[in-house]
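The values are calculated or read from the model by the stated rules, or taken from the named source; none is laboratory data. Predicted, not measured: the structure shown is a model, and the values here were computed from it. With ideal geometry, Cβ positions are generated from the backbone for all residues, glycine too; neighbour counts draw on all protein chains shown. Keep in mind that these areas ignore ligands, DNA and RNA; they rest on the heavy atoms of the full protein, side chains included. Shrake-Rupley method; radii C 1.70, N 1.55, O 1.52, S 1.80 Å.
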Amino acid sequence: AQSVTQLGSHVSVSEGALVLLRCNYSSSVPPYLFWYVQYPNQGLQLLLKYTSAATLVKGINGFEAEFKKSETSFHLTKPSAHMSDAAEYFCASNTGRRALTFGSGTRLQVQP
Amino acid sequence: NAGVTQTPKFQVLKTGQSMTLQCAQDMNHEYMSWYRQDPGMGLRLIHYSVGAGITDQGEVPNGYNVSRSTTEDFPLRLLSAAPSQTSVYFCASSRTGADSDTQYFGPGTRLTVL
């Protein structure tokens, strides 16, 4: 069965610092991978997705993620954090189950 | 386009009561689904539908019923509410349900069962 692991339930960075949110997947077949962002009291919004076209995927709001098959990872990065990036971030995979398998989420806090 | 809409936004039920959570999408998507979100557990799939008249169970279907009579609507019914069903419920849709499809989420319904 596929699974998604997000390391760190809470991450705190200073405004302007690098954001790195970690995601590892386990799957016997190449997965489709997604990062979603959830702002307080809102639904989930797609940041970016990997569909095997390119290993480095650029998303909205300056985020990007790199698919590394050898490490089974799909970490999310942003060079410079902004206060508006404070939210919860979910990594998810989809490998033929007609549903997304979600990680447990990482809450990003941005300090002024 | 309104995208995916859900009603109500908040609901409080007593144990044993029934209710229906409404979900509608105006993107002509074939695939619709319901997830529940609990702290520290991400989102878990309850039921899904790949088209009108076709539904199937997800990871946590017990205590919930669904039907899909139109492409646009996918209501979720709680038959006899239990405190364990206190959660935030999200409806989602995608164009075909293919693995690479982006799923679009509604704003959620926060349900409390006393």
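Brief remarks on what is shown
- Taking θ as phi - 60° and the Karplus parameters 6.51, -1.76 and 1.60, the scalar couplings of the stretch B:48-60 work out to 9, 9, 9, x, 4, x, 10, 9, 8, 7, x, 6, 10 Hz in sequence order, x denoting glycine and proline.
- 13 Å beta-carbon shell around B:His29, net charge (K/R +1, D/E -1): -3
- In Hz, Karplus ³J(HN,Hα) per residue of the stretch B:61-74 (6.51, -1.76, 1.60; θ = phi - 60°; x = Gly, Pro): x, 5, x, 10, 10, 9, 8, 9, 8, 10, 5, 7, 10, 8
- Placing +1 on the Cβ of every Lys and Arg and -1 on the Cβ of every Asp and Glu, with no other charges, gives chain B a dipole of roughly 460 debye about its Cα centre.
- Relative contact order of chain B, taken over Cα pairs closer than 8 Å and 6 or more residues apart, is 36 percent.
- With 10 Å bins from 0: P(r) over the stretch B:59-104, alpha-carbon pairs, percent: 20, 46, 29, 5
- Shape metrics for chain A, restricted to C-alpha atoms - Rg then Dmax, Å: 13.3, 42
- Summing +1 for each Lys or Arg and -1 for each Asp or Glu among the other residues whose beta-carbon sits under 15 angstrom from that of B:Val113 gives +3.
- For chain A, the relative contact order is 38 percent, taking Cα pairs closer than 8 Å that sit 6 or more residues apart in sequence and dividing their mean separation by the residue count.
- Between the stretch A:47-85 and the stretch A:10-42, the C-alpha centres lie 8 angstrom from each other.
- Close amide H contacts of B:Gln17 (hydrogens built in the peptide plane, cut-off under 5 Å, sequence separation of 5 or more or a different chain): B:Ala81.
- Within the stretch A:63-100, the GluC sites (Glu not before Pro) that combine a DSSP coil assignment with at most 15 other C-beta atoms in a 10 angstrom radius are A:Glu71.
- With a 1.4 angstrom probe, the accessible area lost at the B-A interface totals about 1700 Å².
- Cleavage-rule hits, trypsin sites (Lys or Arg not before Pro), the stretch B:12-114, DSSP coil, Cβ neighbours within 10 Å at most 13: B:Lys14
- Charge tally for A:Gln6 (other residues, Cβ to Cβ under 13 Å; Lys, Arg +1; Asp, Glu -1): +1.
- Each residue of the stretch B:95-100 was assigned a 3J(HN,Hα) from its phi angle through the Karplus curve 6.51 cos²θ - 1.76 cosθ + 1.60 (θ = phi - 60°); the sequence is 4, 10, x, 4, 4, 8 Hz, with glycine and proline shown as x.
- For the stretch A:8-46, a reduction of at least 20 Å² in accessible area between the chain on its own and the assembled protein chains (probe 1.4 Å) is found at A:Tyr32, A:Phe34, A:Tyr36, A:Gln38, A:Asn41, A:Gly43, A:Leu44, A:Leu46.
- Among A:Gly59, A:Gly43, A:Gly16: highest mean-square fluctuation, GNM of chain A, C-alpha pairs under 10 Å: A:Gly43
- Per-residue average of Cβ from other chains inside 10 Å of A:102-108: 3
- Nearest-20 debye value, the protein assembly as shown charge dipole, Cβ charges on Lys, Arg, Asp, Glu: 300 debye
- Taking the stretch A:1-31 and a reference point 7 angstrom along Cα→Cβ of A:Ser80, the backbone N atoms nearer than 18 Å belong to A:13-20.
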